[in-house]
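> I am attaching a structure below and will ask some questions about it afterwards.
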Amino acid sequence: MKSLTAPHILDGNAIAAAIKAEVAAEIEQLRAHGIRPGLTVVMVGNHPASEVYVRNKVKTSASLGIVGEMLTPPESITADEMLTLIAALNARDDVDGILIQLPLPRHIDAKRLLEAVAPEKDVDGFHPVNVGRLQTGQPALAPCTPAGIIEMLRRAKVPVAGQNAVVVGRSDIVGKPMAMLLLHGNATVTICHSKTKDLASFCRSADILVAAIGKAGMITPEMVRPGAVLIDVGMNRVTSQTEFDRFFAGDAKREAAFQKNGSVLMGDIDPHAFELASYYTPVPGGVGPLTIAMLMANTVRAARLRRGLSVS
Ligand code: GUN
């Protein structure tokens with residue numbers, strides 16, 4: 001059964017552009033007071049996949065008037081050397097935001113490093129102080145992807161209060177903070193994960209379904225209630241023709257891209273399920289652009305909080 005009305009696409013690029021325009025205006029105001037927010041992104045080692053994201057973060061910073069800096073210590077850096085580097089960034093007055101790009105090399109304990117970032121500069125919202133503040137509803141720096149999803153729902157006027165929200169995935173970066181933010185929006189929240197019994201029936205109970213699993217097309221149409229809001233956080237590369245045909249048979253534009261590049265990106269939700277939705281985020285062009293926009297917003301927020309200025 002299809003949704004009664006045509007599904008609305010939640011256009012991440014358009015919403016991210018609106019957020020970035022607001023952030024740029026805020027930065028312009030801060031500049032009048034002699035404040036220029038600064039963001040330092042640290043990427044350890046050589047990660048072709050991360051590098052694209054990191055460069056994009058620094059480039060977007062510059063386009064909005066944030067002083068962006070990228071540090072790329074070698075893979076061989078020790079945990080102690082990383083701690084020294086972070087301590088130096090914590091102490092720098094021109095740095096408002098510090099982002100340690102994940103994943104880190106195996107020999108470095110990521111949790112220990114993330115705890116070393118000063119909470120007031122933790123624009124990822126990963127420090128236990130910010131996690132605790134988020135949980136207890138105090139002003140915090142919230143993780144960018146879930147904060148972006150909430151912002152998207154708010155701007156699209158998608159109701160959250162009283163809705164059954166199901167989050168599939170329990171990561172510290174997306175699943176857990178997503179659940180907390182939806183709870184703060186007065187949704188009734190369920191977190192599902194790899195050990196959940198009868199995932200399909202939980203998913204079918206969702207008015208808002210957030211998929212953050214990391215497995216291409218895992219949420220099938222049978223798992224979706226007609227009229228549900230579908231938020232797809234997944235970003236998976238499909239390389240096999242069989243898998244491509246399963247999800248995209250008949251999609252000439254994607255077929256051309258697949259034949260040209262040997263792969264296409266897709267989310268955790270089978271695109272056929274989008275036809276059932278009231279609203280859905282496409283992949284690419286849905287949730288992805290919001291993560292960077294919210295990183296910019298968090299950097300300005302951190303700059304203001306650190307100077308005792310008001311934040312919304
Ligand atoms: N790697 C993938 N996503 C993220 C993110 O949101 N923050 C950081 N620091 N690393 C990531």
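The values are calculated or read from the model by the stated rules, or taken from the named source; none is laboratory data. Please read all numbers here as calculations on a predicted model, not as lab measurements. Cβ coordinates were reconstructed from backbone atoms using ideal geometry, including for glycine residues, and neighbour counts include every protein chain displayed. With ligands, DNA and RNA removed, areas are computed over all heavy atoms of the protein, side chains included. Shrake-Rupley method; radii C 1.70, N 1.55, O 1.52, S 1.80 Å.
> Against the conditions (1) touching a residue at least 40 places away in the same chain (Cβ under 8 Å); (2) open to solvent by 20 Å² or more (accessible area, probe 1.4 Å); (3) not aliphatic (A, V, I, L, M), where does Lys253 fall short? Just the number, please.
Just one mismatch for Lys253, condition (1).
> Can you report the number of residues in region 18-43 which are open to solvent by less than 10 Å² (accessible area, probe 1.4 Å) and farther than 18 Å from Lys59 by Cα?
Selection size over region 18-43: 1.
> May I pose another question? Among the residues of region 44-62, which ones are in contact (Cβ under 8 Å) with a residue 40 or more places away in the chain and either in a helix (DSSP H, G or I) or open to solvent by 70 Å² or more (accessible area, probe 1.4 Å) (or both)?
Ser50, Tyr53, Val54, Asn56, Lys57, Thr60, Ser61
> Return yes when Val129 is without any contact (Cβ under 8 Å) to a residue 40 or more places away in the chain and within 30 Å of Asp96 (Cα to Cα) and no when it is not.
On the way: without any contact (Cβ under 8 Å) to a residue 40 or more places away in the chain: yes; within 30 Å of Asp96 (Cα to Cα): yes.
Against the criterion (without any contact (Cβ under 8 Å) to a residue 40 or more places away in the chain and within 30 Å of Asp96 (Cα to Cα)), Val129 qualifies.
> Now for a separate question. Could you check Thr291 against (1) β-branched (Val, Ile, Thr); (2) under 27 Å from Val160 (Cα atoms); (3) away from the ligand (no atom under 15 Å from the Cβ) and say which number it fails?
(3)
> Among the candidates Glu81, Glu75, which residue alone is in a helix (DSSP H, G or I), out of contact with any Lys or Arg (no Cβ under 8 Å at 6 or more places or on another chain), over 16 Å from Ala118 (Cβ atoms) and away from the ligand (no atom under 11 Å from the Cβ)?
Within the list Glu81, Glu75, the selection yields Glu81.
> Now a separate question. So which residues in region 17-43 are part of a loop (DSSP other than H, G, I, E, B) and of a type outside the set (Lys, Arg), if there are any at all?
Applying the first criterion (part of a loop (DSSP other than H, G, I, E, B)) to region 17-43 yields 33-37, 43.
His33, Gly34, Ile35, Pro37, Met43 - these are the residues of region 17-43 that are part of a loop (DSSP other than H, G, I, E, B) and of a type outside the set (Lys, Arg).
> Return the total of residues in region 191-211 being buried (at least 18 other Cβ atoms within 10 Å of the Cβ) and of a type in the set (S, T, N, Q).
0
> Can you tell me which condition Lys121 does not meet? The list is (1) open to solvent by less than 30 Å² (accessible area, probe 1.4 Å); (2) in contact (Cβ under 8 Å) with a residue 40 or more places away in the chain; (3) closer than 23 Å to Cys192 by Cα, and all the others hold.
Unmet condition: (3).
> Failed condition for Thr291, given (1) in contact with a Leu (Cβ under 8 Å, 6 or more places away or on another chain); (2) of a type in the set (Val, Ile, Thr); (3) under 24 Å from Lys157 (Cα atoms), with all others met?
Just one mismatch for Thr291, condition (1).
> Could you please tell me which pairs satisfy a Cβ distance under 7 Å, a separation of 6+ or placement on different chains, a first residue in region 292-312 that is closer than 17 Å to Pro146 by Cα, and a second residue that is open to solvent by 50 Å² or more (accessible area, probe 1.4 Å) and in a helix (DSSP H, G or I)?
So the pair list comes out as Ile292/Asn56; Ala293/Lys20; Met296/Lys20.
> List pairs: first in region 75-87 and in contact (Cβ under 8 Å) with a residue 60 or more places away in the chain, second open to solvent by 90 Å² or more (accessible area, probe 1.4 Å) and not small (Gly, Ala, Ser), Cβ under 9 Å, 6+ apart or cross-chain?
none
> Could you list, in sequence order, the residues of region 225-235 that are without any contact (Cβ under 8 Å) to a residue 60 or more places away in the chain and open to solvent by less than 10 Å² (accessible area, probe 1.4 Å)?
Of region 225-235, the ones without any contact (Cβ under 8 Å) to a residue 60 or more places away in the chain are 225, 228, 230, 232, 234-235.
Across region 225-235, the qualifying residues are Ala228, Leu230, Asp232, Gly234.
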